[in-house]
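The values are calculated or read from the model by the stated rules, or taken from the named source; none is laboratory data. Keep in mind it's a predicted model, so treat the numbers as computed, not measured. Virtual Cβ from ideal backbone geometry, glycine too; neighbours counted across all protein chains shown.
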Amino acid sequence: MSLLYLIDWLLRIYVFIIIIRAIISWFSPNYSNPLIHFIIIVTEPILSPIRRLIPTRRIDISPIIVILIIELIRTQILNAIIKNLR
C-alpha cells in the first residue's frame with residue numbers, strides 16, 4: 001500500500017518537472033546551468049519518444065501528452081488504493 005503512495009508521489013513530482021521544462025522552453029535557457037541540465041536529462045527519455053510519434057509543428061505538445069498519460073496512471077493507482085481501503 002505504501003508503495004502505491006510512493007509511486008503516486010513520484011509521478012506528481014515528475015509532472016511538476018515536465019511543467020517546469022515546458023515553461024523553460026519558452027525562454028532561452030542557459031543549458032550550462034546544472035538545474036536546467038538536470039531537468040532536461042530527467043525528462044528527455046520520456047518526451048523524445050512522444051516527439052517521434054507526433055511530429056512537432058510550431059508547438060511541442062509532447063509534455064501535454066506525457067502529463068495526460070501520467071495522470072491516467074495515477075488515476076489507476078488511486079483507484080487501487082481506494083479499492084484496498086474497502
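Annotations
- Looking across LEU53, LEU68, LEU78, one residue alone is at negative phi and at pLDDT 95 or above. It is LEU68.
- Sole residue being within 30 Å of LYS83 (Cβ to Cβ) and surrounded by 11 or more Cβ atoms within 10 Å (Cβ to Cβ), chosen from ILE18, ILE54, ILE39: ILE18
- Residue satisfying all of: in the range 52-76; of a type in the set (D, E, K, R) and in a loop (DSSP other than H, G, I, E, B); nearest to the chain's Cα centre (by Cα) among these: ASP60
- Contact map, the range 64-86: first residue touching a residue at least 60 places away in the same chain (Cβ under 8 Å), second residue of a type outside the set (Ser, Thr, Tyr) and surrounded by fewer than 10 Cβ atoms within 10 Å (Cβ to Cβ), Cβ cut-off under 8 Å, separation 6 or more or different chains; pairs are ILE81/MET1; ASN84/MET1.
- Condition check for ILE73: surrounded by 15 or more Cβ atoms within 10 Å (Cβ to Cβ) and β-branched (Val, Ile, Thr): no
- Looking across the range 18-41, the residues that are in contact (Cβ under 8 Å) with a residue 24 or more places away in the chain and either outside any helix (DSSP H, G or I) or touching a helix residue (DSSP H, G or I) at 6+ places or on another chain (Cβ under 6 Å) (or both) come down to ILE18, ARG21, ALA22.
- Of all residues in the range 42-59, those being in contact with a helix residue (DSSP H, G or I) (Cβ under 7 Å, 6 or more places away or on another chain) and either in contact (Cβ under 8 Å) with a residue 12 or more places away in the chain or hydrophobic (A, V, I, L, M, F, W, C) (or both) number 6.
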